[in-house]
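Read through the structure below, which is laid out as structure tokens, and then see the notes.
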Amino acid sequence: MIDRNSNTPLHKQAEIYLRELIVSDKYKNGKLIPNEVELSEQLNISRNTLRQAINQLVNEGLLIRKRGIGTRVAINNIYSEANNWLSFSQEMKVLGIKVENFELHISKQKPSPEASTFFSVNENDIKVLKIERLRGKEDFPFVYFISEFNPAIPLDGSENFNVPLYDILKNEYQIIVKNSREEISAAPANDFIASKLEVDTGTPILVRKRFVSDENGIPVEFNIGWYRADSFTYKIESSRKELV
């Protein structure tokens, strides 16, 4: 596989081989590739030469290296667009991705400061329904959600949350969500989020906040999601207008 008489540098030839490897059925969609010792012996090159090729693909986001575990192929990014917002379940359905729920926690707690401001309630006087979920695709969690609901909505936690949330609100409580104001930012993963998303503490992640209202403008849900940055891309398309 490596041609030592070629004008192409050895690390570039190794890079070409790896690019073919990671799109093969055996390794795509998050599988671990062979370790450096195996690959360097297989290609008959030094580990330093091989590491040059791996580093290039890591920098491009095609491979993910995790200390103590190995190097695996990055999952194809999940895309969300700003021009027509959807729930997470709807986004995944449009993309043909089957959602897997890894964890579900339901509780009643004091609202967070942001939720209490959004719902116009005193955080010390009331408790709200809070749902925490670790979600993703098959065998690959990539987002941790916390949702808090307006206490005026009669959700009590006994609902079947395997059903999409907004379907529950519509079918059981005749609440139709319509508008979502979003805030997107980047942040380092703390210990808790890092453990959930299976990344190292301090790894850059995408934080997405949603302030969801119904068709009458009444606040319904405050949602915050922490996404693996190597698995989620947020796309925004806009048109420029000349100022008069």
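The values are calculated or read from the model by the stated rules, or taken from the named source; none is laboratory data. Being a predicted model, the structure only gives us computed values, none of them experimental. With ideal geometry, Cβ positions are generated from the backbone for all residues, glycine too; neighbour counts draw on all protein chains shown.
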Kindly indicate whether any position in the stretch 118-140 is free of Cβ contacts under 8 Å to residues at least 12 places away in the same chain and closer than 30 Å to Ala229 by Cβ. no
Within the stretch 33-52, residues small (Gly, Ala, Ser) and surrounded by fewer than 15 Cβ atoms within 10 Å (Cβ to Cβ) come out as Ser46
What single numbered condition from (1) more than 19 Å from the chain's Cα centre (by Cα); (2) at pLDDT 90 or above fails to hold for Asn216? (2)
Quick one: what pairs do we get from the stretch 197-211, first residue outside any strand (DSSP E or B), second of a type in the set (Asp, Glu), C-beta under 8 Å, 6+ apart or different chains? Thr201/Asp191
Of the residues that make up the stretch 10-27, is at least one surrounded by 14 or more Cβ atoms within 10 Å (Cβ to Cβ), free of Cβ contacts under 8 Å to residues at least 60 places away in the same chain and part of a loop (DSSP other than H, G, I, E, B)? yes
Name the pairs: first residue in the stretch 95-108 and assigned by TED's automatic domain parsing to the domain that holds Asp139 and under 14 Å from Glu159 (Cβ atoms), second residue at pLDDT 75 or above and aromatic (Phe, Trp, Tyr), Cβ to Cβ under 7 Å, at least 6 apart or on different chains? Leu104/Phe161
Glu172 being of a type in the set (D, E, K, R) and at positive phi: no
Residue hits (the stretch 113-168; of a type in the set (A, V, I, L, M), at pLDDT below 90 and in a strand (DSSP E or B)) are none
Here the qualifying pairs (Cβ atoms under 9 Å; residues six or more apart or on different chains; first in the stretch 158-182 and assigned by TED's automatic domain parsing to the domain that holds Phe211 and more than 15 Å from Asn223 (Cα to Cα); second assigned to a helix (DSSP H, G or I) and of a type in the set (Asp, Glu)) come out as Glu159/Glu172
If you take the residues of the stretch 185-196 that are in contact with a Leu (Cβ under 7 Å, 6 or more places away or on another chain) and not in a helix (DSSP H, G or I), which of them is nearest to Val220 (Cα to Cα)? Ala186
Going through the stretch 51-79 in order, the residues found to be modelled with pLDDT of 85 or more, outside any strand (DSSP E or B) and among the small types (Gly, Ala, Ser) are Ala53
Would you mind telling me which numbered condition in (1) modelled with pLDDT of 75 or more; (2) in the same structural domain as Asp139 (by TED's automatic domain parsing) Asn48 fails? (2)
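Restricting the stretch 110-150 to residues that are polar (S, T, N, Q) and over 19 Å from Val212 (Cβ atoms), which is surrounded by the fewest Cβ atoms within 10 Å (Cβ to Cβ)?
Asn124
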